[in-house]
Amino acid sequence: MARYVVDVMPKPEILDPQGKAVHGALPRLGFAGVSDVRQGKRFEIELEGEASDAHLEQVRQMAEKLLSNPVIEDFEVHAQ
């Protein structure tokens, strides 16, 4: 079984209201010194067979076409 992880994050120039809300809540909960928070998504995908470059490319295409919005999000794919 081949396992891959896709991490999706808003592009740096895109506002992140969820991250800002978390950033604002942290000091109220006693966590000081946090300068910024960005919230993203993580997908764990298992494919049948052994890990391969072809599987990695397939997962990259999944991320580009379905798991992320390339206009406002960046993604990274890596084998686990």
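Where a number appears in this text, it was derived from the coordinates with a stated rule and is not lab data. Computed from a predicted structure; not experimentally measured. Methodologically, a virtual Cβ is constructed for each residue, glycine included, from the backbone with ideal geometry; neighbour enumeration extends over all protein chains shown.
Leu47 fulfils the conditions (1) of a type in the set (A, V, I, L, M, F, W, C); (2) surrounded by fewer than 13 Cβ atoms within 10 Å (Cβ to Cβ); (3) under 19 Å from His78 (Cα atoms) except for a single criterion, (2). So which residues in the range 1-44 are in contact with a His (Cβ under 9 Å, 6 or more places away or on another chain), of a type in the set (A, V, I, L, M) and touching a residue at least 24 places away in the same chain (Cβ under 8 Å), if there are any at all? Residues satisfying the conditions are Ala2, Val5, Val6. Within the range 45-80, the set of residues being among the charged types (D, E, K, R) and within 25 Å of Ala21 (Cβ to Cβ) comprises Glu73, Asp74, Glu76.
Would you be able to say whether some residue in the range 42-52 is among the β-branched types (Val, Ile, Thr), part of a strand (DSSP E or B) and touching a strand residue (DSSP E or B) at 6+ places or on another chain (Cβ under 6 Å)? Scanning the range 42-52, I find at least one residue that is among the β-branched types (Val, Ile, Thr), part of a strand (DSSP E or B) and touching a strand residue (DSSP E or B) at 6+ places or on another chain (Cβ under 6 Å), so the answer is yes. Taking the range 13-41 as the range and being small (Gly, Ala, Ser) and in a helix (DSSP H, G or I) as the test, the residues that pass are Gly19, Ala21, Gly24, Ala25.
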